1. Any idea which of R208, R186 is among the charged types (D, E, K, R), free of Cβ contacts under 8 Å to residues at least 60 places away in the same chain and in contact with a Gly (Cβ under 7 Å, 6 or more places away or on another chain)?
2. Could you please find all residues in segment 349-400 being open to solvent by 70 Å² or more (accessible area, probe 1.4 Å) and assigned to a helix (DSSP H, G or I)?
3. Being of a type in the set (V, I, T) and either at pLDDT 95 or above or open to solvent by less than 10 Å² (accessible area, probe 1.4 Å) (or both) is the filter here, so list the residues in segment 152-188 that pass it.
4. Among the numbered criteria (1) of a type in the set (D, E); (2) part of a loop (DSSP other than H, G, I, E, B); (3) crowded, with 22+ Cβ neighbours inside 10 Å, which single criterion is violated by D83?
5. In segment 260-270, how many are under 19 Å from the mean Cα position of the chain (by Cα) and of a type in the set (D, E, K, R)?
6. Evaluate segment 279-297: report whether one residue or more is in a helix (DSSP H, G or I) and either closer than 16 Å to V210 by Cα or among the small types (G, A, S) (or both).
7. Within segment 36-71, take every residue that is hydroxyl-bearing (S, T, Y) and part of a helix (DSSP H, G or I) and give me the one that is surrounded by the fewest Cβ atoms within 10 Å (Cβ to Cβ).
8. Hey, I273 hits all of (1) touching a residue at least 24 places away in the same chain (Cβ under 8 Å); (2) more than 22 Å from the chain's Cα centre (by Cα); (3) assigned to a loop (DSSP other than H, G, I, E, B) but one; which does it fall short on?
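The values are calculated or read from the model by the stated rules, or taken from the named source; none is laboratory data. Small disclaimer: the values here were computed from a predicted structure and weren't measured. Note that each Cβ is placed from the backbone with ideal geometry, even for glycine, and that neighbours are counted across all protein chains shown. The accessibility values were calculated without ligands, DNA or RNA, using every heavy atom of the protein model including side chains. Shrake-Rupley method; radii C 1.70, N 1.55, O 1.52, S 1.80 Å.
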Amino acid sequence: MDFDVKDIELADKGKERIVWAEKDMPVLTSIREQFAHDRPFEGLRVAACMHVTTETANLMRTFVAGGADIALCASNPLSTQDDVAAALVKYYDVAVFAINDEDTDTYFAHMDAVIDRKPHITMDDGCDLVNRIHTLHPELLDNILGGTEETTTGVIRLRAMATDSALKYPIVAVNDANTKHMFDNRYGTGQSTIDGIIRATNRLIAGRTVVISGYGWCGKGAAMRADGLGANVIVCEVDPLAALEAVMDGFRVMKAADAAKEADIWITVTGDINVIDEPMFKHLKDGAIICNSGHFDVEINIPWLREHARSARVVKPLVEEFVLKDGRTIYLLADGRLVNLACAEGHPASVMDMSFANQALAAAWVADQNGLEPGVYDQPRDIDDSIARMKLDSMDIKIDTLTPEQEKYLASWTEGTA
């Protein structure tokens, strides 16, 4: 089996960590057992571009159990856990092409190695894989049954492709499933982002002013967790409804240039470009920490920062100090890449249990379809509901069901005020 990992001798350590994560992923484990019986991917090749973590490893195991010939590359150069990559190759029959801190050329070379296996199904996190197939390997498109997309940024790119009639096969927007974005994006990103900041800096959060750019599900989670640790939270938004929601949730809302004057720690989670830009840099406090939990490293205008700094140096792992020409110091974490994966271990396994249950069942749904038109598809509602029920069952939580009388009432338009 072809592969490219940092050190295959790390496999034993990686296996231990994969098994540890599995203990907190009961829904995915149940699906794996079902896949081993049904073999929904028998004879199919799957190309996956995901963060190579312990949780992803358990998703890969689920595909292998279902009969897939699967290859995996990283969806971010800094998110790969090298021991996990080695374990997947040595113990779980997954062809992995990923090395932590790989350069851009290697990142895309690894992606090409996965694409070269001529996949029938793609599984993407950010749309780089899908985009590269469409632009550089169009001869493979007719062979692809469909795909899945994990994250908000990827779904945005896919919908843009669909609008331009550039998307040539069907893809399920897994990110938009309720059991994904309402939990993974909010509770997973919220906790892991703060975890990454604390691991990188060892700074106390309580009493500091934390600015959150973007109040989508990820921003809500980051604001919630920072608030819970005693931070004074400011939210910056361009969407009036999201801004209003942040106000009603008890947070201050203001323009980014004004927030810069108060920020001790600034987190971007918007999916857009240059969210922290020249007007904000000019107002940032001395000693401010800036970081990103959006998918790509474009939310902070790092080229401007490098150009206008009189000096830059790495003061500790994944913490870079920039001294501006006026003497102010700004600290950038993880080179502007995903701070929760670069500086910590990403989302906890228990929340990824639902996200990756969605990935597994969505891919099985794609494999079972015949002749789906190109486009972006919502996760089927019955899959979403079944995952929620399986998660509740795994937590030993019981809920009520409607009586026949209640079902009839809700379906009726004739009954009202007596």
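1. R186 is the lone residue from the list that is among the charged types (D, E, K, R), free of Cβ contacts under 8 Å to residues at least 60 places away in the same chain and in contact with a Gly (Cβ under 7 Å, 6 or more places away or on another chain).
2. D368, R381, D382, R389, D393
3. Those that are of a type in the set (V, I, T) and either at pLDDT 95 or above or open to solvent by less than 10 Å² (accessible area, probe 1.4 Å) (or both): V155, I156, T163, I171, V172, V174, T179.
4. If we test D83 against (1) of a type in the set (D, E); (2) part of a loop (DSSP other than H, G, I, E, B); (3) crowded, with 22+ Cβ neighbours inside 10 Å, just (2) comes out false.
5. 0
6. Scanning segment 279-297 turns up at least one residue that is in a helix (DSSP H, G or I) and either closer than 16 Å to V210 by Cα or among the small types (G, A, S) (or both).
7. Once the filter is applied, the top-ranked residue is T54.
8. (2)
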